[in-house]
1. Just the residues that are hydrophobic (A, V, I, L, M, F, W, C) and near the ligand (Cβ under 10 Å from one of its atoms), please, taken from the range 30-58.
2. Is it the case that residue 27 is in contact with a Phe, Trp or Tyr (Cβ under 8 Å, 6 or more places away or on another chain) and within 14 Å of the ligand (Cβ to nearest atom)?
3. Select from the range 70-83 the residues that are surrounded by 12 or more Cβ atoms within 10 Å (Cβ to Cβ) and under 24 Å from residue 58 (Cα atoms) and list them in ascending order.
4. For the condition touching a residue at least 40 places away in the same chain (Cβ under 8 Å), surrounded by 14 or more Cβ atoms within 10 Å (Cβ to Cβ) and charged (D, E, K, R), what is the one hit in 99, 103, 92?
5. Please enumerate the residues belonging to the range 26-50 that are at pLDDT below 90 and hydrophobic (A, V, I, L, M, F, W, C).
Amino acid sequence: MKCPYCGALETRVVDTRPVDGGLAIRRRRECVQCGRRFTTYERPQLEPLMVKKRSGKREAFDPDKLLRGLMLACEKRPVDPERLKRFAYTFEDQVAGPEITSEEIRALEEGEE
Ligand SMILES: [Zn+2]
C-alpha cells in the first residue's frame, strides 16, 4: 500500500489486530521512506456491485476482469496502463447504484478514452 504522506510504494505492517468483534482487521503501517504511520481497515464488502449481463444473468463486479477486458481492448492503442488500472480499481466507487448493466460499463469505458 502506498504511503498517503509521501507516496512511497513501500510500507510495512507494524501491527495487525481484529476489531469490531472480528468483523474487521486493523493494520498499523509504517512508511519505509518517510517513517510516518497510518492505519488501514480491511472489511468484507457485504453488498458487492452487481453487473447485469445482456443475457439477464447477474454477477458480482470483478475489477480484475474489467481490467483484463480494458487491456485487451486497448492493446493496439497508446493508452497508459496505469490509467486503465486506476479506472478499473476505482470503478466501484464511481457507480452510484447497487447494480449496473454491462452496456453501462462499456459506455463508461468509452468515456474514459
Ligand atoms: Zn512516506
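1. Hits for the range 30-58 are 31, 32, 34, 38.
2. In short, no.
3. 70, 71, 73
4. Details: 99 fails: surrounded by 14 or more Cβ atoms within 10 Å (Cβ to Cβ); 103 fails: surrounded by 14 or more Cβ atoms within 10 Å (Cβ to Cβ).
Exactly one of 99, 103, 92 is touching a residue at least 40 places away in the same chain (Cβ under 8 Å), surrounded by 14 or more Cβ atoms within 10 Å (Cβ to Cβ) and charged (D, E, K, R), namely 92.
5. 46, 49, 50
The values are calculated or read from the model by the stated rules, or taken from the named source; none is laboratory data. Being a predicted model, the structure only gives us computed values, none of them experimental. As a convention, Cβ positions derive from the backbone with ideal geometry for all residues, glycine included, and neighbour counts pool all protein chains shown.
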